[in-house]
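Asker: Mind looking over this structure? Questions follow.
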Amino acid sequence: MKIIRDTQRNCARMAAEEYRKLLGENPHCVLGLATGSTPEMLYEELVALCKAGKLSFKDVTTYNLDEYVGLDGSHPQSYRYFMDSHLFNLVDIDKTRTHVPCGVGVTDEMAAHYDDEIKQAGGVDLQLLGIGPNGHIGFNEPGTPWDAVTHIVPLTDATRQANKRFFNSIDEVPEKAVSMGIKTVMQSRRIILMAFGKNKAQAVKGMIEGRIDNSVPASILQLHPDCTVYIDDDAASML
Ligand code: F6R
């Protein structure tokens, strides 16, 4: 694991530079993307680079990590809506090449098919991750088996509480999500994980210094051959 510690803005800039290089070398690459507060600045930087003509998403294919069960892409809190409004609608990407797991009418079998689609596309070249305060990656909550592929997950109370800031009330926060599994994530060739703020400090410590144990799902990243972690001082405060 390579650890880079700087302000959130500088981390976003450095990570954006990694994307600029990758897309320059491999314009047809496959990106695994994340939603939430963590990647927002990175997406701002990517949009700025694209507008400045320094990077193009024209031939890029994307697969997002997860989606809430029951929300379709027109729902403002759906992850499809998030991706459209924070990145896809603002860059030169071909929307037909962007994939977010389907959260409506989904079964475990349909969910697992997402892994086949990723394989058929050649596998993920660079997967972006945030981390939950409980150490989750994607929506792989503590206790998720390491060999999980894309599946339907019940969200823990802690995760629903953490995400309620985006909804009017806790009752509106979906109880389930579809998420790439830990195996799906670990199969990507390269990983960038970003974490900012004090509420991530415990999870960051478990991920980097803890035992590899599925009580902290992100700890498995210690075994990934090419994982870079970008953190600010607050997220690094318990290391
Ligand atoms: C989002 C995702 C989640 C988030 C995590 C952190 O697609 O898979 O694992 O990365 O919950 O969320 P934020 O960034 O909102 O703190």
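Asker: Any residue in the stretch 105-122 that's farther than 19 Å from Tyr68 by Cα: show its pairings with residues that are among the hydrophobic types (A, V, I, L, M, F, W, C) at Cβ separation under 9 Å, as long as the two are six or more apart or on different chains.
Answerer: Here the result reads Ile118/Val30; Ile118/Val124; Ile118/Met180; Ala121/Val30; Gly122/Cys29; Gly122/Val30, each pair linking the stretch 105-122 to a residue that is among the hydrophobic types (A, V, I, L, M, F, W, C).
Asker: Could you say which residue among Thr107, Thr159 is of a type in the set (Ser, Thr, Tyr) and either modelled with pLDDT of 95 or more or closer than 28 Å to Glu45 by Cβ (or both)?
Answerer: From the options Thr107, Thr159, the qualifying one is Thr159.
Asker: Next up: Could we say that Tyr63 is within 14 Å of the ligand (Cβ to nearest atom) and in contact with a strand residue (DSSP E or B) (Cβ under 8 Å, 6 or more places away or on another chain) here?
Answerer: yes
Asker: Test Ser179 against the criterion of being of a type in the set (Gly, Ala, Ser) and under 13 Å from Tyr68 (Cα atoms), and give yes or no.
Answerer: Yes; evaluated as a whole, the condition is true for this residue.
Asker: Confirm whether Lys95 is modelled with pLDDT of 95 or more, more than 14 Å from the ligand (Cβ to nearest atom) and under 14 Å from Met180 (Cα atoms).
Answerer: No: the conditions fail for Lys95.
Asker: Of the residues that make up the stretch 77-87, is at least one away from the ligand (no atom under 13 Å from the Cβ), among the polar types (S, T, N, Q) and at pLDDT 95 or above?
Answerer: Looking through the stretch 77-87, at least one residue is away from the ligand (no atom under 13 Å from the Cβ), among the polar types (S, T, N, Q) and at pLDDT 95 or above.
Asker: Mind checking which residues of the stretch 224-239 are over 16 Å from the mean Cα position of the chain (by Cα) and more than 15 Å from Val124 (Cα to Cα)?
Answerer: Asp232, Asp233, Asp234, Ala235, Ala236, Ser237, Met238, Leu239
Asker: Can you tell which of Glu40, Glu25, Glu67 is in contact with a Cys (Cβ under 9 Å, 6 or more places away or on another chain), modelled with pLDDT of 95 or more and charged (D, E, K, R)?
Answerer: Glu67 is the lone residue from the list that is in contact with a Cys (Cβ under 9 Å, 6 or more places away or on another chain), modelled with pLDDT of 95 or more and charged (D, E, K, R).
Asker: Then there is this: Among the residues of the stretch 125-174 satisfying the criterion of being hydrophobic (A, V, I, L, M, F, W, C), without any contact (Cβ under 8 Å) to a residue 40 or more places away in the chain and more than 12 Å from the ligand (Cβ to nearest atom), which is nearest to Tyr79 (Cα to Cα)?
Answerer: Val173
The values are calculated or read from the model by the stated rules, or taken from the named source; none is laboratory data. Source: prediction; values computed, not measured. Don't worry about glycine lacking a Cβ; one is built from the backbone with ideal geometry, like all the others, and counts go over all protein chains shown.
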